[in-house]
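Remarks on the structure that follows.
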Amino acid sequence: MSTAGLTPPRWAEVLLERLLPDDARETVAGDLREEFVEGVLPQRGLVGARLWYVRQVLSFVPWFAKEGSGMSKILLVVSMFTLACGCWLAVMEMVLRHPGFGERIGVALAIALICAATILARMLHVGFRGERWLWAGAAVLIALGGQAFLHNARSAHFEGFVFVISLVLVLQGVLMLATLGRADSGSRRSLDAANSLQ
């Protein structure tokens, strides 16, 4: 029996490598892969073992959330909330199909995509070059949140959830503008300081 296909999902291995600090990357990833192949795979089968591996990788995410400034942590929480709201809005529009639902589904999916990209960019330390395009996403979120807030304020029927979501969209956009690219500039400063000592 070939063991070529009996490996952890490659995307999960790459995510694990990005989540771990450099000094622990090889040991933890190697130990987890060894446990997958020798212990979990024979007991649970391929699908069960791969689910186990993904769960193990996801257990490293809370460790990662301890890094960064308070603003970065707030950005992650707000992005997760907004991602959930965008997905919920898209599903509800697909189910209810009010007039103009296609446009609102597009807006909801754009919001969800920006939020998911923000979460991944912060988790995977993509740096300034990778985050640069998210500044446009921040401007889109601020514009959408502001438009929803004004439309709701002028509406004859005030909707509380629209009010909350619009404020959260604006908050997320502002936090994105305030935090994007900062981790890269800090590491660049420490690299410059190390180079000046040599």
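The values are calculated or read from the model by the stated rules, or taken from the named source; none is laboratory data. As the structure is a prediction and not an experimental result, all values here were calculated from the model. Positions of Cβ are backbone-derived with ideal geometry, glycine not excepted, and every protein chain shown enters the neighbour counts.
Taking helices (runs of 4 or more DSSP H) as the structural unit, those lying wholly within segment 23-121 and holding at least 2 residues that are modelled with pLDDT of 80 or more correspond to 41-58, 70-96. For the criterion of being in contact with an Asp or Glu (Cβ under 6 Å, 6 or more places away or on another chain) and either part of a helix (DSSP H, G or I) or in contact (Cβ under 8 Å) with a residue 24 or more places away in the chain (or both), Arg18 fails.
Taking the criterion of being free of Cβ contacts under 8 Å to residues at least 40 places away in the same chain and basic (Lys, Arg), the only residue of segment 130-169 that qualifies is Arg154.
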